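A quick write-up on the structure given underneath.
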Amino acid sequence: MKSAQRKTVFIVDDDEDLRDALSMLMRAAGLDTETFATAGEFLQHFVPRSSCCLVLDIRMPGMTGLELQAELHRRRIHLPIIFLTGHGDVPLAVKAMKAGAADFMQKPLDEHRLVVAVKSALQPAVGHEAEARVSAAQADKLASLSRREREVLEQLVKGRQNREIAEALFITIKTVEFHRANIREKLGASSLPDLFRIVFGDKAN
C-alpha cells in the first residue's frame, strides 16, 4: 500500500520503451510513477497528489506537451513540469519555460540530471523571503554580464544556434563561442537548461 507521503512522478510520452525506462529509473530513486502514452490519457486519469510532478515529452501525436501545459493552466492545475526535448526543440523549450515549466531536459537524457531535476521539482516551494534572495542573486549574476554578453544571452534564450547569433549580431561564430563560455562562467551555468533556469526561474510553477 502506498504511503500518503510518497511522491509521484507522472510520465507522459508516446515512446513506450522510454516510458518504461523512465518509470524504472524513478522507482529506483524511491519515487512512485504513473505512465501515459498521450496527453489525453493523462488528463482523463490524472488525480492530484500532495507531492507530484510531470515529466512530459514536448512533441507527441495529438495534443502536444505545450498544449497539455496550456490546458493544465486553463484548468488551474498547478504542478511542476519537466519537459523532455529533442535537439531541435530549444525554441519550444523557451516557450515552455516562459509559460512556467520547472525545467527541461534534452535527449539523449542524462539520467542522473533528470533524477536531480525531478527531486528538485518535488521539493516544497520556498518561502517568499528565500525566493527573494534567490531572485536577487540571479539579478546580480545577470548584471555582471557585459553588453555584448547580454545580447548573446538574449539570442540564446530565443533558441538560436551559434551561426544564427553570429549573423544577427554581425560577429564571428568563434566570438559567439567565446561569449557563451563567459556567460556560463559568470552565471554558474554548465548547460543550456541551466541558463534557462537562471533567466526564467522566477516564472516557474
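The base-10 log of I(q)/I(0) for the range 1-100, evaluated at q = 0.13 Å⁻¹, reads -0.44 [Debye formula, identical scatterers on Cα atoms, solvent excluded]. Residues within the reach of a label modelled at Ile173 (point 7 angstrom out along Cα to beta-carbon, backbone nitrogen below 20 Å), restricted to the range 70-106, are 87-91. Distance between the pseudo-spin-label points of Leu43 and Asp14 (7 Å out from Cα toward the beta carbon): 1.6 nm. Summarising the amide proton neighbourhood of Glu34: residues at separation of 5 or more, or on other chains, whose placed amide H is nearer than 5 Å comprise Val9, Phe10, Ile11. Taking other Cβ atoms within 10 Å as a rough exposure proxy, Asp89, Asp15 sort from fewest to most as Asp15, Asp89.
Given contacts defined as C-alpha pairs under 8 Å and at least six residues apart, what's the relative contact order of the chain, whole-number percent? Intermediate results must be reported in sequence, preceding the final value.
Working: 262 pairs, mean separation 37.5, N = 205.
This gives 18 percent for the chain.
If each Cα of the chain is one equal point scatterer, what is log10 of I(q)/I(0) from the Debye formula at q = 0.13, 0.18 Å⁻¹? With one equal scatterer per Cα and no solvent, log10 I(q)/I(0) is -0.76, -1.28.
Every number here is computed from the coordinates shown, using simple stated rules; none is lab data. Predicted model only: the values in this text are computed from it and were never measured. Glycine gets a Cβ as well: all are built from the backbone with ideal geometry, and neighbour counts include every protein chain shown.
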